[in-house]
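Student: The structure that follows is given in the form of structure tokens.
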Amino acid sequence: MKVVLDTYCLLPSIFKKSPYYWLWDAFIKGDFSLCYSSEILKEYGELLTKFYSAEIAVSVTYIIQKTPNSIYYPTYYSTTNDPDDNKFLRCTWHSVADYIVTNDNLKELMYPWQKAVAIESFKAILNNE
């Protein structure tokens, strides 16, 4: 299963004591493939640095780039009027991802074969597959 993670779903998932650690753990175990672009990786790094530290940002982005179930997709065009959403939607479309895990309401912008799901809903999806 291919997934694009919104930054604000990734950030709370990287620490073992977080209630969302299951998401990072599922990624590390290979339960899903994480699709990302240069823009997404850059945003991950910037916000991990802002909220945690540069060391954590370097570590997490390195893991994302080197984990076998991470898939890099170059993206080329704008899709919405919201630049923050553009990078995630472009990656979702280019990668033909099954899901975008986000707390934003992007459902009207998705193709029929894609689904925007909240982090809690994605946990149920992982548990059923």
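The values are calculated or read from the model by the stated rules, or taken from the named source; none is laboratory data. Quick caveat: nothing in here was measured; it's all calculated off a predicted structure. Every residue, glycine among them, receives a Cβ derived from its backbone with ideal geometry; neighbour counts consider all protein chains shown.
Student: Filtering the range 59-68 down to residues that are in a helix (DSSP H, G or I) and of a type in the set (Ser, Thr, Tyr), which residue is surrounded by the fewest Cβ atoms within 10 Å (Cβ to Cβ)? I'd like the intermediate steps shown before the answer.
Tutor: Pass one, the range 59-68, residues in a helix (DSSP H, G or I): 59-66.
Subsequent filtering for residues that are of a type in the set (Ser, Thr, Tyr) retains 59, 61-62.
Details: Ser59: 14, Thr61: 17, Tyr62: 11.
Among those residues, the one meeting the criterion is Tyr62.
Student: Among residues belonging to the range 41-58 that are among the aromatic types (Phe, Trp, Tyr) and in a helix (DSSP H, G or I), point out the one that is surrounded by the fewest Cβ atoms within 10 Å (Cβ to Cβ).
Tutor: Result: Phe51.
Student: Can you name the residue in the range 13-40 that is assigned to a helix (DSSP H, G or I) and either within 9 Å of the chain's Cα centre (by Cα) or at pLDDT below 95 (or both) and, of all such residues, is surrounded by the most Cβ atoms within 10 Å (Cβ to Cβ)?
Tutor: Ile40
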